[in-house]
Amino acid sequence: METRTKEEAGVLIVELDGRLNSPASSQLEKKIKVWVSSGSQTVLFDCGSLSYISSAGLRVLLSGAKLIQKQKGQMALCRLSANVQEVFEVSGFIDILNVYDDLDKAITALS
Amino acid sequence: MLRFPEEIILLLLDDASGKMAKINDWSLRYALAGSVLMDLALEDRIDSDLESLLLVDKTPIGYKSLDFALAMIAKEENHDVRYWLEKLAVHADDIKEQALSGLVEKGILEHREELLLWVFKSRVYPVIDGSAEQEVKLRIMEVLFSDIIPDPRDVVIISLADACGIFSAILSERELEHSRGRIDQVRRLDLIGQAVSRAIWDIDASLVYAMQPQGL
C-alpha cells in the first residue's frame, strides 16, 4: 500500500492507496508514530483509493486514533469505498472513529 | 506481558480459593480458542477479514498453544475464523493447562492440591501476586467507564471477558447495566471477538431450541 501526504488548513492529509493488510499495517503504524512525534496533531486519512482493509488495518487505525487522542489531537477518515465502509459498519468502527463522505467536509470539520 | 489465555484464566480464578468460576463449558472453550487466535493476530502471525482467516507469518512464537495453532493454520488455508474457533475449541483443555502453568511459572499463581471429601484431589490455583490481575481489571474499567479510544489489547480482553460472562462477577448490577452499551461497542471492534460471541450465541440458541417441547 502506498501513502501520500499533504497539508491543508493545518490538517495532515494521508492518502491511502491499495490494501491495508497486515504487512501494510506494520508500515503505517511506524509512519503514524513519526507523524505524531513530528507534531502532526490533526490527521485525516483519505481512503478514496483504499480497496481493502483487514483486522490488522482496523487495529492500526485504532492505535493511531488512540495515540492522537492522547496528544489531544484529532483523527478522521473520509471517502470510504463500499467494501471498506461495510467492514467499518460490521465492526462498529463507524461509531468510534470520525468518518466523512467528503474530503472538503472532513477538512472543514477538523480545522 | 501475559498471553490472552493467561489473562482470561486469571480473571476467571477466585483469588483466595484458586478455583475457577463456573461458566458454560462451550463459552470457555470458544473464549480460549479465540484468545489463541487473537494472540496470533496481535503477533502478526495471522490476519482476518469478514470472510477468512489468513496466514501472515508461520514463524513460531515460542508459546506452545499459540505455535500449535499456528502450525495447524499453516497446513490448511482458505478457512474462516469460525472454522478455526471450532478446531481450536477441541483443544481448550490443553490451552487452559498451559495458561495455568504459565501463570505459575511467572509467580502469579501457586499450584496446590486439595483434598475433597478427604479422598479426591483437586487442583487449585490461588493468586500469590495479584498485581497482574489488578492491572488487567484496571485496564478494563478504564475503557468501560470512559469514552477513551481503547487499545487493541483492551478490545481483545473485553471481548473475551464478555464471552465468558466475567462482567457479572466483577461489576455490580448497576455498573453492568450502566456499561452494557460500552461493552457491546468495544467488543465489536475485533472481528475474531465477534466470531467468538456468535459461536457461543449459536450454541446457546440451539440448546434453547432443543429444550422446547416438540410437537407429537
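The values are calculated or read from the model by the stated rules, or taken from the named source; none is laboratory data. Note that the structure is a prediction, hence the values are computed from the model and not measured. Neighbour counts are summed over all protein chains in view; Cβ atoms, including those assigned to glycine, are modelled from backbone coordinates with ideal geometry.
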TODO: Consider residue B:28 carefully, then state whether it is crowded, with 20+ Cβ neighbours inside 10 Å, part of a helix (DSSP H, G or I) and touching a residue at least 60 places away in the same chain (Cβ under 8 Å).
DONE: yes
Task: Selected residue (only one of A:25, A:55 is among the small types (Gly, Ala, Ser), within 19 Å of residue B:55 (Cα to Cα), within 13 Å of chain B (Cβ to nearest Cβ) and in contact with a Gly (Cβ under 7 Å, 6 or more places away or on another chain)) - done: A:25
Open item on the list: Which residue is nearest to residue A:57 (Cα to Cα), if the candidates are limited to region B:148-196 and must be within 14 Å of chain A (Cβ to nearest Cβ), among the small types (Gly, Ala, Ser) and crowded, with 21+ Cβ neighbours inside 10 Å?
Closed with: B:193
Task: Among the residues listed as B:71, B:41, the single one being assigned to a helix (DSSP H, G or I), out of contact with any helix residue (DSSP H, G or I) (no Cβ under 7 Å at 6 or more places or on another chain) and at pLDDT 95 or above - done: B:71
TODO: Report whether or not residue B:55 is aliphatic (A, V, I, L, M), modelled with pLDDT under 90 and either surrounded by 13 or more Cβ atoms within 10 Å (Cβ to Cβ) or over 25 Å from residue A:62 (Cβ atoms) (or both).
DONE: no
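Table: residues versus (1) touching a residue at least 24 places away in the same chain (Cβ under 8 Å); (2) outside any helix (DSSP H, G or I); (3) surrounded by fewer than 21 Cβ atoms within 10 Å (Cβ to Cβ).
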residue	(1), (2), (3)
A:30	no, no, yes
A:50	yes, yes, no
A:86	no, no, yes
A:99	no, yes, yes
A:104	no, no, yes
Task: Single condition residue A:40 does not satisfy, out of (1) surrounded by fewer than 17 Cβ atoms within 10 Å (Cβ to Cβ); (2) out of contact with any helix residue (DSSP H, G or I) (no Cβ under 8 Å at 6 or more places or on another chain); (3) hydroxyl-bearing (Ser, Thr, Tyr) - done: (1)
Task: All helices (runs of 4 or more DSSP H) inside region B:140-216 with 3 or more residues being of a type outside the set (Lys, Arg) and closer than 19 Å to residue B:41 by Cα - done: B:152-163, B:191-210
